[in-house]
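Single-structure report; data block below.
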Amino acid sequence: MYATSYHRASSVEEAVQLRSAHEEGKYLSGGMTLISTMKQRLAAPSDLVDLRHIPALRGISIEGRRVKIGAATPHADVAASRELRALCPAICDLASHIGDPHVRQMGTIGGSIANNDPAADYPAGLLGLGATIVTDRRSISADDFFVGLFETALEEEEMVTAVTFEAPEKAGYAKFNNPASRFAMTGVFVAKTVSGVRVAVTGAGSDGVFRHPGFEQALTSSWSADALANVSVDPSSLLSDLHANAEYRANLVKVMAKRAVAAAG
Amino acid sequence: MGVEGIGARVTRKEDKRFLTGKGRYTDDMTVPGMKYAYFVRSPHAHAKIVNIDLSAAKSMPGVIDVLDGKELQADGIGNLICGWMIHSKDGSPMKMGAWRPLAVDTVRYVGDAIAIVVADTSGEARDAAEAVVIDYEVLPAVADVTAAMRAGAPQLHPEAPGNLIFDWQIGDPDAADRAIASAAHVTEIDIVNNRLSPNPMEPRATLGIYDSAEDHYTCYTTSQNPHVARLVMSAFYNVAPENKLRVIAPDVGGGFGSKIYIYPEEIVCLWASKKTNVPVKWTSDRTEAFLTDAHGRDHISKVRMAFDADHRITALKVDTIANLGAYMSLFSSAVPTYLYATLLSGQYAIPTIHANVRTVYTNTVPVDAYRGAGRPEATYLLERTIETAARELGLSPAELRRKNFIRSFPYQTPVIMNYDAGNYEASLDAAMQAADWNGFAARRSGSEARGKKRGIGMSCYIEACGIAPSAAVGSLGAGVGLWESAEVRVNAVGTIEVLTGSHSHGQGHETTFAQLVAGRLGVPIESINIVHGDTDKVQMGMGTYGSRSGAVGMSAIVKALDKVEAKAKKIAAHLMEASEEDIVIENGELKVAGTDKAVPWFQVALASYTAHNLPSGMEPGLKETAFYDPSNFTFPAGCYIAEVEVDPETGETDIIQFVAADDFGNIINPLIVEGQVHGGLAQGIGQALLEAVHYDENGQLLTASFMDYAMPRADDLPSFKLSHQNTPCPSNPLGIKGCGEAGAIGSPPALINAITDAIGTNRLTMPATSMKVWQAIHAAH
Ligand SMILES: Cc1cc2nc3c(=O)[nH]c(=O)nc-3n(C[C@H](O)[C@H](O)[C@H](O)COP(=O)(O)OP(=O)(O)OC[C@H]3O[C@@H](n4cnc5c(N)ncnc54)[C@H](O)[C@@H]3O)c2cc1C
């Protein structure tokens, strides 16, 4: 790791201020991605602005069917929240399958979506739920937020403060693990939301998380795994790597979509 | 009395310090003035070094010095060697290309060491390493053996035209051809044994300490065999004469073979310590370990197995190409030859066997022994072939094996080995019963009803452990003898230290070796200490690999104990005015048999050191040394059965059950043996389903972290059903065979046989990832 300066912010304003003061700085949340990248010397921020000690960024609040998750809320808290499970068990299950217990204690939803790893789980969940990403300066719909591989709509120095969504009528997530990293080799989140059926796929797209209109139409006409039987998945826009080529991923997208529908009930 | 002798399930004495974080590993060692090393390594798989500029790096903060291979060479430090001579079938010696500890003019794999930076902190050393400027002329690289053998392929070493290291054979090729030509059935199959990275939990590390006052070196290192390390560093690398070099391998967190070898880093850190006059420590990080620890396996083979009309095997013919990487590692030449082809008879009476083995240089890290070393390759090849034959012949795989089992011992195979004892059918029967083999059909229909494909597969393995005798391995080309040593030191109060030439790095010697002594003398296990891993404390020894510490290392302790007991009996007889022949040792006492006369053990020990009343002419003291050279290898064998359920939608394999029925001969500690089998099975299942090293066509390592190299985890594995059969080994005093590698040797073919049974096609290579299984299902339909 190269030398870096550490700052602990106690409010959102202070964090944004600290970040703006250091052009080569970075926000630090759970550090599960950032710290290991720094240890490998693939990232060299001059300053780290730690967000984990800002009370406003942490925790889950629910009003009616409206859910708000603070950006610095660790995966373990999302997985364990009874209130959230009562409204949207799919997102709790998704969180409970991220990494291992250490990662879930440290890693946060804000860090995960800001990083937008093409194999991360939350991007599928939030895109599938039609969530809104709240930042220090605006609100961004999930459809606009996830732009590409490790790329989001966030501007330099912009900070995610929370995500919000309306609890869906039904939702389910099915993940097929990469055998080595156990990130999603393919993960599909399906939801019947107030604004319609949404299907989001992670781990498979060569441009990151994406929605699958064919599946959405099929499930809109009939909410059942069987409804997906004749919908095809085009491998040409899917990733090929050591562990899975595009054809195999196309198959997984379909199988996981069916399983997600089954899980949603 | 607390006696915990042979056969007792004693929990490991060493675990308290390991589980409470009190183990002392090489990286835990700190000495005054110690500095940190970082190695500058080649980012290219193959390149000429045009120029190295160290000047900027030398002026970086905290830097003590930056040294390169020219200086190392000027100081007379030698090249790394391969310690086992193999001759090609035309009689020519193997073609060993020069491996310099720090590359001087050419780099041949990504990770090849070029320079060492010594600095106040490891961070500063790494910063300075980035400031070393090297001009490379990048050369075409080749990572795969088939490509490396093609005309026009990049050439690695001028010594080895065509990248061919040797073209070796064993057995009679013409006899094999004749038998195949006249066979009633011939099974042909191509076999690929995937390349693996050993990944011990503790990465390699070394601390070199030069003492200018004494002109003496101390080397702490993560070694499985510190004496061999000292010998090689003295005799071949000119680091220092043996009396001026102390090698200490303290607690070592796993080796699996990868810590047998001498690597550049130990040599360079010792030399750098003298150059800089500070102690120099280096610890590998995980990616460095993937890049530079010797890999395992990496064979491709063509196999033909011939049968007569009665389904007896009449011949086996094997043509293997083995990838040895960019340089010949210490025992690399022995692995695909004498540790591999000599096991190709398996458990079967095969009158004619011929194997041809070509070894090839590629621009990849060197390949050497990894848990099983040659024997997993032989077992996988043979057990996939016989399973395939059973399918082709429409026979039950168990019956075809049974028909061909060797049943009388000793049995001389056509490939050197002389099996001393075994009962293969006993393990087969035990495994089939434990697996409820006969109930499989019903279970399969159950799976079908749930849309799953169920399969069952077996593997009957044999392996050769306790590698030896010295004269035999010497005649086959080994540069060292393969005996073992022990010294039993009885202290004046009767407590005991056993100094062993074996080295424990996960095997539990501190417990099993102590059990042997406790059982023999009837003293509490707590009164016995096992000392190993330090060339200043322990007499010359050969170390631990090839499941040899029980069969060879403990046999040496038996011999030393025999001598100690004989002397103790003389003393006791003298003290009790009895005849030496009447003395027996029981429950910590030396007794006159058939009487109630006895002296406690500690009193005999004390008498030997006070020397007030010893038999006339007897030397004081109670301490004996023994060297034990075995008369044969040992031959553990067994039968493994895997039952799997494959999800045809995803190709995912679920291991429903895994049965291991092993014959390890007599067992010292069942708890430790089970642990060894569990660990071996995890690695074998890892090879079969998950693990594979991938280099791209330019020789860049694609699997350089656990993000891409899939290690087995607990939830990838079922609970194992183990059992032991016992035909005691006649070739050593304890009747033990060795258990450290069996799990890794026997399990891969059982799994692949089960998966191919499930999916109904034989075309599947390891690792059988979900994608490959899914593709195989789709290709077949
Ligand atoms: C062993 C392991 C296994 C894992 N397995 C999985 C898995 O199965 N599925 C999965 O989805 N993930 C997995 N992860 C990733 C994990 O979920 C991380 O938590 C996540 O990638 C990053 O979150 P973090 O809080 O640690 O962020 P950090 O590492 O602290 O930050 C990541 C990036 O986001 C930026 N950032 C952080 N917070 C904010 C914010 N509020 N606003 C703007 N930018 C911000 C940082 O500057 C940095 O660039 C795994 C990680 C590890 C180490």
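Annotations
- Residue ID - nearest to the other protein chains (Cβ to nearest Cβ), chosen from residues in region A:26-44 that are in contact with a Ser or Thr (Cβ under 6 Å, 6 or more places away or on another chain) and under 17 Å from A:G110 (Cβ atoms): A:G30
- Residue list for region A:81-108, filter: touching a strand residue (DSSP E or B) at 6+ places or on another chain (Cβ under 8 Å) and within 16 Å of the ligand (Cβ to nearest atom): A:A90, A:I91, A:D93, A:L94, A:H97, A:R104, A:Q105, A:M106, A:G107, A:T108
- Qualifying positions in region B:206-216 - farther than 15 Å from B:P32 by Cα and surrounded by fewer than 24 Cβ atoms within 10 Å (Cβ to Cβ): B:A213, B:E214, B:D215, B:H216
Okay, residues lined up against (1) within 14 Å of chain B (Cβ to nearest Cβ); (2) assigned to a strand (DSSP E or B); (3) surrounded by fewer than 16 Cβ atoms within 10 Å (Cβ to Cβ); (4) in contact with an Asp or Glu (Cβ under 7 Å, 6 or more places away or on another chain):
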position	(1), (2), (3), (4)
A:A200	no, yes, no, no
A:E216	no, no, no, no
A:S236	no, no, yes, no
A:D241	yes, no, yes, no
A:A263	no, no, no, no
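- With respect to the conditions (1) of a type in the set (D, E); (2) free of Cβ contacts under 8 Å to residues at least 40 places away in the same chain; (3) more than 14 Å from every other protein chain (Cβ to nearest Cβ), A:D207 falls short on a single one, namely (2).
- Candidate set from region B:690-749 (those that are out of contact with any helix residue (DSSP H, G or I) (no Cβ under 9 Å at 6 or more places or on another chain) and not in a loop (DSSP other than H, G, I, E, B)); member that is surrounded by the most Cβ atoms within 10 Å (Cβ to Cβ): B:Y695
Residue-wise test of (1) at pLDDT 95 or above; (2) of a type in the set (V, I, T).
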| position | (1), (2) |
| --- | --- |
| B:V490 | yes, yes |
| B:I496 | yes, yes |
| B:T500 | yes, yes |
| B:G506 | no, no |
| B:A514 | yes, no |
| B:D534 | yes, no |
| B:M542 | no, no |
| B:I557 | yes, yes |
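- Evaluation of A:R249 against the conditions (1) basic (K, R); (2) under 24 Å from B:T769 (Cβ atoms); (3) surrounded by fewer than 21 Cβ atoms within 10 Å (Cβ to Cβ) shows that the sole unmet condition is (3).
- Residues in region B:686-713 that are away from every other protein chain (no Cβ under 11 Å) and within 21 Å of B:E643 (Cβ to Cβ): B:Q687, B:A688.
- Candidates in region A:163-177 are the residues that are among the charged types (D, E, K, R), away from chain B (no Cβ under 14 Å) and more than 28 Å from A:D136 (Cβ to Cβ); of these, the one that is farthest from the ligand (Cβ to nearest atom) is A:E169.
- Restricting the search to strands (runs of 3 or more DSSP E) fully inside region B:569-685 and requiring at least 3 residues that are more than 14 Å from chain A (Cβ to nearest Cβ) and without any contact (Cβ under 8 Å) to a residue 60 or more places away in the chain gives B:589-592.
- Helices (runs of 4 or more DSSP H) fully within region B:203-300 counting 3 or more residues that are within 28 Å of B:G481 (Cα to Cα) and among the β-branched types (V, I, T): none
- Any hit, region B:88-108, residues being closer than 30 Å to B:D167 by Cα, open to solvent by less than 10 Å² (accessible area, probe 1.4 Å) and in contact with a His (Cβ under 7 Å, 6 or more places away or on another chain): yes
- Residues in region B:465-480 that are out of contact with any Ser or Thr (no Cβ under 7 Å at 6 or more places or on another chain) and assigned to a loop (DSSP other than H, G, I, E, B) were compared, and the one that is nearest to B:V415 (Cα to Cα) is B:L476.
- Residue within region A:129-145 that is crowded, with 22+ Cβ neighbours inside 10 Å, near the ligand (Cβ under 10 Å from one of its atoms) and assigned to a helix (DSSP H, G or I) present: no
- With respect to the conditions (1) closer than 17 Å to B:I77 by Cα; (2) surrounded by 24 or more Cβ atoms within 10 Å (Cβ to Cβ); (3) out of contact with any Asp or Glu (no Cβ under 9 Å at 6 or more places or on another chain), B:Q224 lacks only one, and its number is (1).
- Flag set for A:L126, criterion: assigned to a helix (DSSP H, G or I), open to solvent by less than 10 Å² (accessible area, probe 1.4 Å), more than 11 Å from the ligand (Cβ to nearest atom) and within 23 Å of A:K170 (Cα to Cα).
The values are calculated or read from the model by the stated rules, or taken from the named source; none is laboratory data. Fair warning: this is a prediction, and the values are worked out from it, not measured in the lab. Heads up, the Cβs are rebuilt from the backbone with ideal geometry, glycines too, and the neighbour counts pull from every protein chain shown. Surface areas here come from the heavy atoms of the whole protein model, side chains and all, with no ligands, DNA or RNA. Shrake-Rupley method; radii C 1.70, N 1.55, O 1.52, S 1.80 Å.
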